[in-house]
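Colleague: Mind having a look at this structure? Questions to follow.
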Amino acid sequence: MKLFVDDERPAPDGWMLAKTSLDAIAWLHLSRARAERLEALSLDHDLGGDDTTRPVMLWMCENEYWPQWMKVHSMNPVGCDWLKGMADRYGPGDMVRTWA
């Protein structure tokens, strides 16, 4: 599964789209429960209102469920730094990271 988390941008072809952090966590939980491989994850930080992808990152840290490849595509520099820092600190060493 490839998961694109963003409330405004469309998902690339072949990717699942989650527009809220709750939707993203639901997709991750389902993928993990099915023992599916999480191929790729692309995160925006700000998802509208008070919602962000910080809960998504925290869920991955707490459940040790990481993609093979991860990208942060947010325009929020503080949010980007937080997401990147968490992935770098708690993610597996072999996960490919693309920091835009």
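Colleague: Among what's in segment 78-100 and is touching a His at 6+ places or on another chain (Cβ under 9 Å) and within 19 Å of Asp51 (Cβ to Cβ), pick the residue that is surrounded by the most Cβ atoms within 10 Å (Cβ to Cβ).
Modeller: Leu83
Colleague: Please list, ordered by first then second residue, the pairs with beta carbon atoms under 6 Å, 6 or more apart or interchain, first in segment 1-20 and more than 14 Å from Glu39 (Cβ to Cβ), second basic (Lys, Arg) and crowded, with 17+ Cβ neighbours inside 10 Å.
Modeller: Asp7/Lys19
Colleague: While we're here: Of Glu39, Glu62, Glu8, which residue is of a type in the set (Asp, Glu), under 17 Å from Arg97 (Cβ atoms), surrounded by fewer than 17 Cβ atoms within 10 Å (Cβ to Cβ) and at pLDDT 90 or above?
Modeller: Exactly one residue qualifies, and that residue is Glu39.
The values are calculated or read from the model by the stated rules, or taken from the named source; none is laboratory data. It should be emphasised that the depicted structure is a prediction, and the values quoted were computed from it without experimental measurement. All Cβ positions, even for glycine, are placed from backbone atoms using ideal geometry, and neighbour counts span all protein chains on display.
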